[in-house]
Structure formats: C-alpha cells, structure tokens
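Report on the following structure.
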Amino acid sequence: MITIKKAVFPVAGLGTRFLPATKAVAKEMLTIVDKPLIQYAAEEAEKAGIDTLIFVVGRTKNSIIDHFDKAYELESELALRNKDELLKIVQDTVPTGVSCVFVRQPEALGLGHAVLCAEAIVGNEPFAVILPDDLIDNEGDNCIQQMIAVYDKYKASVIGTQTIDISESDKYGMVAGPKIEERLSMVDEIIEKPAPAEAPSDQAIVGRYILTPAIFDILKTTVRGAGGEIQLTDGIAALRKREEVYAYSFEGKRYDCGSKIGYLEATVDFALKHEELADEFRQFLKQFNV
Ligand code: UTP
C-alpha cells in the first residue's frame, strides 16, 4: 500500500536570485534542456506513487497552472499535422490518474507559510514536500521514493539532507543528531541558516520532506524567523519536540537550480545525457580548453 499519496510543491517564492528572468516568469518554469523544473519534480512524485499534486502558487505563476492543463489548441493543431511524437510529449505533461490542485499563497511570507496554505487539501495525512528548484538526479529509486521507504519503516517525518562545506551553512537549514542506520539519523538539533560557527553539523536540509500533518497546527503559530519569513525549519524544530523526526541523506546528485551556478551545472550534465543532444553537445564542448 502506498502511504504517501499527496505532494505539496511550494512554488510561490519570488525567485530574486534569477531576476530579471523571474520578473514575469516562474522560476520553476525555467527549463533544464527541454523540460521545466516543475515537470522534473512532478515526475519524481508520480514515480513514487503520489496521485495528488498540490501546487502552492503566487501571482506570477499562472504558467505553472497552464503547464499542467490540457493544451487544447496546440493538441488539435499537432494532431491535424500528424505530429504524433510531439503530441505525446505535450499530452504526457498532464499525467493520467493524477490530480493537480492549485492553491494561492497571497503573499510570499516564507516556505512554512506556503506549506500551511496546502492544509485544507492535504487534510489529516502524511504528505511529501518537494521544492522543484532542488533538482535531484539518481539512477535508482528517486529521492522521494527513498524517503517514503524511510517513512514506511519509522512512521515519522523525514527530512532530506546532504553533506555541505560548513562555510555555506548560512544558506541552508542545518540538522544534527545520532546516527540510526546507514544514511539515517534522528534530528536532535535543527536551525535555519546558522553562521558556520553556529552550525550543529555539516548536514544541510535539501528540498525534500515527508511530514506528518501535526506540522500544520505548529505552522499556524510559528513566528517569522530568518529573513523575516515563516520558516518550515522552525516549524520542524517545534514538531521535533512532539514527535520523532529523521534526517535521511539521500542517494543522488542534487543541483541547486535556484542559483545560477547550480542551474548551469544541471543544464550541462543533463544535456550530456540527453538522447538527441549528447553527442553533438559533447563535440561542442571540446573547443573549450578550460
Ligand atoms: P527560496 O528560498 O528558493 O526563495 O524558496 P525564492 O523566493 O524561491 O528564491 P530567491 O531566494 O528569492 O531567489 C524555497 C522554495 O520555497 C518556495 C519557493 O518557491 C521555493 O520553491 N517559497 C518560498 C514559497 O512558495 N513561498 C514563499 O513565501 C517562500
């Protein structure tokens, strides 16, 4: 039985690191080669057996809603021209058997607040949170599949983590706690964007979570934290006082596509693996003796 049926995609952030690209275009619609970030995230959830995709959107994010809607005119035009392969690509963006639900976050008050906006749709069940700008590539089970397996074993919230250079701790939520098994620790300490001297370990939170619904009541009273935002990390710190929370160091390579350098790295790596482009792109790269 699949225990986690719903995934929340908080996509209402302002994307300031990508301005001016993100003035009118959603950061999550930026493409890695030929697919928008949001579609990689949706495919990760679908592959994990999730059947309800909940997008928490902001004002400039209508293209995300359109992306997961039927493109009636485009589809009829492609059908008319017998462009069957392209038609399939367009149709496949809207997964069969999966519902897409859209909720507005009226103001970008923070990731914790964005997750709270999904409460009425999630209801009283555990759920996944996927931040599409953290693109995670793995040959085997994807990140959220791995985390659902941990949830199934321990029936508690699970945070996705990776090891970082501690000098970068002020960009991440950071966690620490005793090791339980390979890749898995308890969360004893959790803090948002600490200075390197205050970081409890070198384990950083990456944009994947499995959360129990107890988080919602906590988020209702979570006050603004780092950056003046209602932080999910602060909510999880309070959750940790009520229930066990686990940190899982997932298998896979993570690209921080919310940053320009991470975005470029993902673009090059994915192009070098792309069925149609890999050979030609590899040839092109040979001229750069860098
Ligand atoms: P980020 O920290 O990447 O912020 O948010 P951002 O606004 O998207 O981008 P920058 O830092 O200004 O460049 C992490 C995730 O939380 C979502 C974002 O959309 C992103 O997926 N988020 C953040 C919200 O949905 N609402 C918010 O109020 C804040």
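Quick notes
- Relative contact order (%) - criterion: Cα under 8 Å, at least six apart; region: region 97-251: 33 percent
- Region 1-80 and region 136-155 have Cα centres lying 21 Å from one another.
- Considered as an equivalent ellipsoid built on the Cα gyration tensor, region 1-44 has semi-axes of 25, 13, 6 Å, the largest given first.
- The percentage of C-alpha pairs in region 93-188 whose separation is greater than 15 Å is 74%.
- Computed log₁₀ I(q)/I(0) - Debye formula, equal Cα scatterers, no solvent, region 1-95, q 0.14, 0.20, 0.23 Å⁻¹: -0.60, -1.04, -1.19
- Net length gained if the chain between ASN138 and ALA197 were fully extended (0.36 nm per residue, minus Cα distance): 18.0 nm
- For LYS5, the accessible surface of its heavy atoms amounts to roughly 70 Å² (probe 1.4 Å, protein chains only, rounded to the nearest 10).
- Region 1-146 - percent relative contact order, Cα under 8 Å, separation 6 or more: 39 percent
- Within region 183-224: backbone nitrogen closer than 18 Å to the ASP165 label point (7 Å, Cα to C-beta): 194-199, 201-205
- Rg/Rg_globular for region 246-289, with Rg_globular taken as 2.2 N^0.38 Å and Rg from C-alpha atoms: 1.48
- Shown here: the chain, whose C-alpha atoms stretch 60, 50, 39 Å along the first, second and third principal axes, sorted largest to smallest.
- Mean-position separation - Cα centroids, region 230-271 and region 165-203, in angstrom: 12 Å
- Accessible area per residue, Å², the chain with all protein chains present, probe 1.4 Å: 51 Å²
- Only protein atoms count toward the accessible area here, which uses a 1.4 Å probe; on the chain, the carbon and sulfur part of that area reaches 51 percent.
- Chain lengthening between ASP269 and ASP152 when straightened (0.36 nm per residue, less Cα-Cα): 38.9 nm
- For region 186-290, the spherically averaged projection of the C-alpha convex hull amounts to 10.0 nm².
- Normalising the average separation of contacting C-alpha pairs (under 8 angstrom, six or more residues apart) by the number of residues puts the relative contact order of the chain at 22 percent.
- Measure of compaction for region 23-159 (Cα Rg per 2.2 N^0.38 Å): 1.14
- Dividing the convex hull volume of the alpha carbon atoms of region 165-235 by its residue count gives 101 Å³ per residue.
The values are calculated or read from the model by the stated rules, or taken from the named source; none is laboratory data. This one's a predicted model, so the numbers in the text were calculated from it and none came from an experiment. Backbone-built Cβ (ideal geometry, glycine too); neighbour counts: all protein chains shown. Note: areas computed on protein heavy atoms with side chains; ligands, DNA, RNA excluded. Shrake-Rupley method; radii C 1.70, N 1.55, O 1.52, S 1.80 Å.
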